[in-house]
Amino acid sequence: MRIIRAKDYSDMSRKAANILSAQVIMQPDAVLGCATGGTPVGIYRQLIEWYQRGDLDFSEVTTVNLDEYRGISRESEQSYWHFMHSNFFDHVNIAPERIHLPEGSNLNAQEVCRAYTEMIRSVGGIDLQLLGIGTDGHIGFNEPNTVFEMDTHCVDLTESTVEANKRFFARKEDVPRQAYTMGIRDIMQARRVLMVASGADKAKIVRQAFFGPVTPAVPASILQIHPDFTLIVDQEAAAEI
Ligand code: F6R
């Protein structure tokens, strides 16, 4: 585990964008695991800027997103499909057929999850997985549990996740209660994992996840044993380590 301390949000974003862009430059057909949420927005903004300057080319890149709400269509503004397109994909030259997110509008969980697991295999696995961390220690939507769920699966969102994500919806009641998420094995099999954490509300969980025991009660803690895991924290998120 490698920890990189950044000054603030924009420093964290630039450092993470540097790692992602180095991956794409060294391996133009890389499979990038993408995350949504507030934290990676600055990274995507930076990558778009470098793409617009002509420094990056995503034409051969494949993307695999961590998760999607269940029962939400791609067209919905709250879908992760929409988030990824408006914050990143629509602004760079990623080929639409190489973009992958779980099919949120399909309520047949078994079918969606099986297809996603198969797709990850068919693209040869993930070269670099970007992650945020939930205040409860979730990665993707792998919520605190008594076991590590391995493959892509359907989850009931915890109250704290619904609470944290309501800022993206008009009303808390509109936040879907279930989601499809890549499992812990999918994430751990990524060849490299890069996590970003920013802000004071992440300080406690950063300490628990990376300086406490490895336990499914804090899903991110398993990254301690990943062979190539980098955590970039800004000063506020690093306050307790
Ligand atoms: C989103 C995801 C989540 C977020 C986490 C942190 O695809 O996988 O695990 O990374 O909820 O979200 P923010 O960045 O909004 O604090």
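You will find that of Met195, Met188, the residue that is on the phi < 0 side of the Ramachandran plot, open to solvent by 20 Å² or more (accessible area, probe 1.4 Å) and within 16 Å of the chain's Cα centre (by Cα) is Met188 and no other.
Going by the conditions given, is Asp151 acidic (Asp, Glu) and either closer than 25 Å to Met12 by Cα or part of a helix (DSSP H, G or I) (or both)? Let's see the steps before the verdict.
Working: acidic (Asp, Glu): yes; either closer than 25 Å to Met12 by Cα or part of a helix (DSSP H, G or I) (or both): no.
So Asp151 fails the test.
Would you confirm whether or not the range 83-94 contains a residue that is open to solvent by less than 60 Å² (accessible area, probe 1.4 Å) and on the phi > 0 side of the Ramachandran plot? Within the range 83-94 (the criterion being open to solvent by less than 60 Å² (accessible area, probe 1.4 Å) and on the phi > 0 side of the Ramachandran plot), the answer is no, since none of the residues qualifies.
Examine the range 3-14 for a residue that is buried (at least 22 other Cβ atoms within 10 Å of the Cβ), within 21 Å of Phe169 (Cβ to Cβ) and either of a type in the set (Gly, Ala, Ser) or within 13 Å of the ligand (Cβ to nearest atom) (or both), and state whether such a residue exists. No, the range 3-14 has no match at all. Exactly one residue out of Gly33, Gly54 is open to solvent by 30 Å² or more (accessible area, probe 1.4 Å), out of contact with any Lys or Arg (no Cβ under 6 Å at 6 or more places or on another chain), not in a helix (DSSP H, G or I) and not acidic (Asp, Glu): that is Gly54.
Taken over the range 1-17, the residue count meeting the criterion of being closer than 11 Å to Asp234 by Cβ and assigned to a loop (DSSP other than H, G, I, E, B) is 2. Looking at the range 127-136, can you tell me whether even one residue there is open to solvent by 20 Å² or more (accessible area, probe 1.4 Å), part of a helix (DSSP H, G or I) and in contact (Cβ under 8 Å) with a residue 12 or more places away in the chain? No, the conditions are met nowhere in the range 127-136.
Scanning the range 36-51 for residues that are in a helix (DSSP H, G or I) and buried (at least 22 other Cβ atoms within 10 Å of the Cβ) turns up Ile43, Tyr44, Leu47.
Filtering the range 15-64 to residues that are under 26 Å from Ala203 (Cα atoms), within 16 Å of the ligand (Cβ to nearest atom) and β-branched (Val, Ile, Thr) leaves Thr36, Thr39, Val41, Ile43. Against the test of being under 18 Å from the mean Cα position of the chain (by Cα), within 23 Å of Glu68 (Cβ to Cβ), open to solvent by 20 Å² or more (accessible area, probe 1.4 Å) and free of Cβ contacts under 8 Å to residues at least 40 places away in the same chain, the options Ala170, Ala164 yield a single qualifying residue, Ala164. For the range 138-161, taking the residues that are out of contact with any helix residue (DSSP H, G or I) (no Cβ under 6 Å at 6 or more places or on another chain) and touching a residue at least 40 places away in the same chain (Cβ under 8 Å), the one that is nearest to the ligand (Cβ to nearest atom) is identified as Gly140. Residues in the range 90-113 that are outside any loop (DSSP other than H, G, I, E, B) and without any contact (Cβ under 8 Å) to a residue 12 or more places away in the chain: Asp90, Pro96, Glu97, Gln110, Glu111. When we screen Glu97, Glu60 for residues that are open to solvent by 10 Å² or more (accessible area, probe 1.4 Å), modelled with pLDDT of 95 or more and in contact with an Asp or Glu (Cβ under 7 Å, 6 or more places away or on another chain), the only hit is Glu60. Once the range 67-83 is narrowed to residues that are in a loop (DSSP other than H, G, I, E, B) and in contact with a Ser or Thr (Cβ under 6 Å, 6 or more places away or on another chain), the residue that is nearest to the ligand (Cβ to nearest atom) is Ile72.
The values are calculated or read from the model by the stated rules, or taken from the named source; none is laboratory data. Model, not experiment: these values are computed from the prediction. Using ideal geometry, Cβ is built from the backbone for each residue, glycine included, and neighbour counts are taken over all protein chains shown. These accessible areas exclude ligands, DNA and RNA; they are computed on the full protein's heavy atoms, side chains included. Shrake-Rupley method; radii C 1.70, N 1.55, O 1.52, S 1.80 Å.
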